[in-house]
Each structure stands twice: as C-alpha cells, then as structure tokens.
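A short write-up of the structure that comes next.
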C-alpha cells in the first residue's frame, strides 16, 4: 500500500470519517443504490473489524424525499421544498443504513446536526462527547445536516465541510470524500483536455484553490470542488488527512487501498483542540482590520494588541469568534477580549491609554495568542 494511502489504514488512523454524496447514493429515479451502498459498507466493516472507528456522513435525504413528494428540481427549487424533502427522506435514509449495517453485525446511530451545533463551542463539545461514546460502544454513527430546520443563512450547505468538522469532533485522523470525481485536477477535466491529475497536496495554498471548480457534476448534490478544498483545509487544520476519491465504482474504499487513485491532502500536524475548532469555524461575529506591524506580530506567535487595529466591524461581545483581516483578506480567527463598542474605542491605542478610555484596567490584548489561530 502506498504511504500516502496508508495514512487512512486502520493501523495509522484509529478513526475514519467517510462522506457519501447524493449523486452516488441516489439514482436518477430517486431510489437508493442499495447494491452499491452494500459494497461500501462491506469495505467499512473490514476496517471496523481491524479496529478502525467508522463515522459516516451521508447525503441523500433531500433527493429521496423529493421523489416521494414529487417535488421539482430534486427538492431544491426552494428552501421550503428542501426542508420538506429532508424531513421525508431522512427517515428512509436512516432505515437503509440501519438495515444494511445490522445485516453485517453492526449497529447504526443517527445524528442530525446544524451549522450552529458545531459553531457553538458548548454544543460542539456535546456532539463530540456523543460521538466519543458511540464509537467506544462499537456503533457506526451516520450523520447528516439537519436540513429540515437549517436556514439559508445558517447552514453548511454541503456535506464535504460537514464531514471535516465531524472529523474534528470525533477526533478522526482521516476523511475520505467519496465523490462523482476521482480527485483534483489542474483544471476542470470536463472542459480542458490538458487538465492534469494531482495525487498529493502537501500545502493547500492559493495556487491549489485556483484549480477548483464550484459546480457539482450530477446536479443532485450541493457541493463542488471548492467545497471539497474548504473541507480539506478544515480537516488538515485539525490534524486529519483528507482524500477525494471516486465513488463511481464498486467497493471504492478497497479500490483506493489497492490503486491509490485519489487526491490526498496531507495534514502537517494538529492544532490544540480549541484552536482547531476556531480554524474550522465557518462563521464569525465581527472583524478587526490590522496594520502590517500587527500582522507580523501574529505570524511571530504574539497576541493581537489594540495598537495594531485600524478598524472594527460587526456586532460582537467578549468571547465571540471574530476574524482578523489585512488588505489581503482574513489572516486569523480568535475569541474577542472586548465587545465591538469597546474594541472600536480602543483601536489604535497603546496599553497605557486604555484604562482612561475604558474606566477600568485593560486586558492584555484584543485577542490573546492562546485564543487565536492563523488561517
């Protein structure tokens, strides 16, 4: 087995998250491809028997529900249609997983989560604790976004990024995204015959991100290569390797282990739990703009001081997650030490002037280095 593929084997990865997309799971008639799914679960059962904890993130509820309700555009014509389709299809989806895993001697557990569940620190820890207990019992958790209550503004919108966040919550060392594409190319291979396949990404930088195509090939799913690269960034920040591989074959996990066909995004090392949670967040309450001196201080591992802040935007309270921006975009994320009103009053001031402005002794920083992560 190739070293890049061996990172996802049970010996090197005690817990694995596998994401299954709608285009793979549901056929054109809106029915579950049971034989194909059975093959995937056979692969997972082998890994489970080898001691690897397995978590499944599965799309498909909206596509299944849309067929049962006769909704147009696969249930995605409106948010209301998607919510109704999800509520109808989720019960069918969970039943399929429960039946097929039971036939293989394993117990399935269903968890539905929203973006808020993994963005709020306390709820994230609750979800993490639930996953920990289920895995310790040998159960296979099957997760999906709770689309029946999610809103257009507060939702993941794709299960690629959800899988990466779930990997972080579960303490997984690897994420496999089964997709209708077999990995990352230098350009969209459907339109560019000169597109080159990329086997390994050691550093996910702007050059790699420029290769992404936002479209979903099937029209059934909601993700695309952009979402997959965002998922890779989230997973890698938490110390988890991520691979994109084709699910358009039987037994795709066994094929990946044998052939190595897929793109592997290598994690260089995991951040501490709170910092990994910060790095993986998709929302922030506000923004601090900073000057070049403050940006250098952050790169040197120091806290963000008020003197380097040039502007404050958004409404936030102490302890809320905010982003730090330079002229080049977001460079860091952290927990605010002040509300937006206080931060605006302190912006650009040195510590010796802050007590007069606040009326009380100032805190050590706008964002302390222990509560800050670089992006």
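Computed from the coordinates by the stated procedures, all read-outs in this text should not be read as laboratory data. Fair warning: this is a prediction, and the values are worked out from it, not measured in the lab. Using ideal geometry, Cβ is built from the backbone for each residue, glycine included, and neighbour counts are taken over all protein chains shown.
Calculate, in nm to one decimal, what residue 326 and residue 77 gain on full extension: separation in residues at 0.36 nm each, minus their alpha carbon distance.
Here the segment from residue 326 to residue 77 would lengthen by 85.8 nm.
Among DSSP beta bridges whose residues both lie in region 3-276, state the antiparallel percentage, nearest 5. Present the calculation step by step, with values, prior to reporting the outcome.
On the way: 6 of 33 bridges.
Within region 3-276, antiparallel bridges account for around 20 percent of the total.
Provide the FRET efficiency to the nearest 0.05 for the residue 370-residue 209 pair, computing r from the beta carbons and using R0 = 25 Å.
Efficiency computed from Cβ-Cβ geometry: 0.30.
Provide the packing ranking of 57-66, 243-252, 130-139, i.e. peptides ordered by the mean count of other C-beta atoms within 10 Å per residue, highest first. Please report the intermediate quantities before stating the final value.
Details: 57-66: 27.6, 243-252: 20.5, 130-139: 15.5.
Most protected by this proxy first, the peptides run 57-66, 243-252, 130-139.
Taking a cut-off of 23 Å, what percent of all Cα-Cα pairs in region 284-374 are separated by more than that?
Values: 439 of 4095 pairs.
Here the tail beyond 23 Å accounts for 11 percent of pairs.
Rounded to the nearest 0.05, what FRET efficiency is calculated for residue 4 and residue 313 with R0 set to 35 Å and r the Cβ-Cβ distance?
On the way: r = 41 Å, r/R0 = 1.18.
Working from the Cβ atoms, E equals 0.25.
Which one, 280, 308, 334, has the greatest fluctuation when you compute a Gaussian network model over the chain with C-alpha springs under 10 angstrom?
Among 280, 308, 334, the largest mean-square fluctuation in the Gaussian network model of the chain belongs to 308.
7 Å from Cα along Cα→Cβ at both residue 251 and residue 283: what's the point-to-point distance in nm?
A separation of 4.4 nm, rounded to one decimal place.
Label-point separation (nm) for residue 197 and residue 107, each offset 7 Å from Cα along Cα-to-Cβ?
4.1 nm
For q = 0.09, 0.12, 0.13, 0.14 Å⁻¹, what log10 I(q)/I(0) does the chain give under the Debye formula with an equal point scatterer on each alpha carbon and no solvent?
Each listed q corresponds, in turn, to -0.54, -0.91, -1.04, -1.16.
Roughly how tilted is helix 159-170, in degrees to the nearest 10 and between 0 and 90, from the longest Cα axis of the chain?
70 degrees
Mean-square fluctuation check for the chain, GNM, Cα pairs under 10 Å: which of 322, 234, 208 is largest?
In this elastic network of the chain, the residue with the biggest mean-square fluctuation among 322, 234, 208 is 208.
Starting from the Cα-Cα distance between residue 34 and residue 95, subtract it from 0.36 nm times their residue separation and give me the gain in nm to one decimal. Intermediate results must be reported in sequence, preceding the final value.
Numbers: separation 61, 0.36 × 61 = 21.96 nm, distance 1.17 nm.
Extra length from residue 34 to residue 95 when fully extended: 20.8 nm.
Using a 7 Å offset from the Cα along the Cα-to-Cβ direction at both residue 188 and residue 226, what is the distance between the two label points in nm, to one decimal?
In this crude label model, residue 188 to residue 226 measures out at 1.2 nm.
Have a look at 160, 81, 328 and tell me which one the Gaussian network model of the chain (Cα, springs below 10 Å) gives the largest fluctuation.
Answer for the Gaussian network model of the chain: 328.
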